1. Under 9 Å between Cβ atoms, at least 6 apart or on separate chains: pull out the pairs that start in region 15-27 with a residue that is within 17 Å of TYR64 (Cβ to Cβ) and without any contact (Cβ under 8 Å) to a residue 12 or more places away in the chain and end on any residue that is among the hydrophobic types (A, V, I, L, M, F, W, C) and not in a strand (DSSP E or B).
2. Identify all residues within region 10-51 that are surrounded by fewer than 10 Cβ atoms within 10 Å (Cβ to Cβ), under 10 Å from the mean Cα position of the chain (by Cα) and outside any loop (DSSP other than H, G, I, E, B); write none if there are none.
Amino acid sequence: MPKMKTKSGAKKRLRVRGSGSVKRGQAFKRHILTKKSTKSKRQLRGSAEVHSTNLASVHAMLPYA
């Protein structure tokens, strides 16, 4: 059997932690920032964890992670 391909978009955006959880970046922080409050922009800093309901689709995109 040939190897399964990894989705290159997911490879660039997601990292699998040692515990098996998946780390992702926060959305809504790229543009149109003038209408967003300082508090909301501050809370979008850093990374977040992929929700458990989406983990099956993430593991399908990253078969060897």
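Derivation of every value follows stated rules applied to the coordinates shown; laboratory data play no part. None of these values were measured; they are calculated from a predicted model. Using ideal geometry, Cβ is built from the backbone for each residue, glycine included, and neighbour counts are taken over all protein chains shown.
1. Pairs found: ARG15/ALA65; GLY20/LEU55.
2. Selection gives LYS12, SER47.
Here's the yes/no breakdown for (1) out of contact with any Phe, Trp or Tyr (no Cβ under 9 Å at 6 or more places or on another chain); (2) of a type in the set (A, V, I, L, M, F, W, C):
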position	(1), (2)
LYS5	yes, no
SER8	yes, no
VAL16	yes, yes
ARG24	yes, no
LYS29	yes, no
LYS36	no, no
LYS39	yes, no
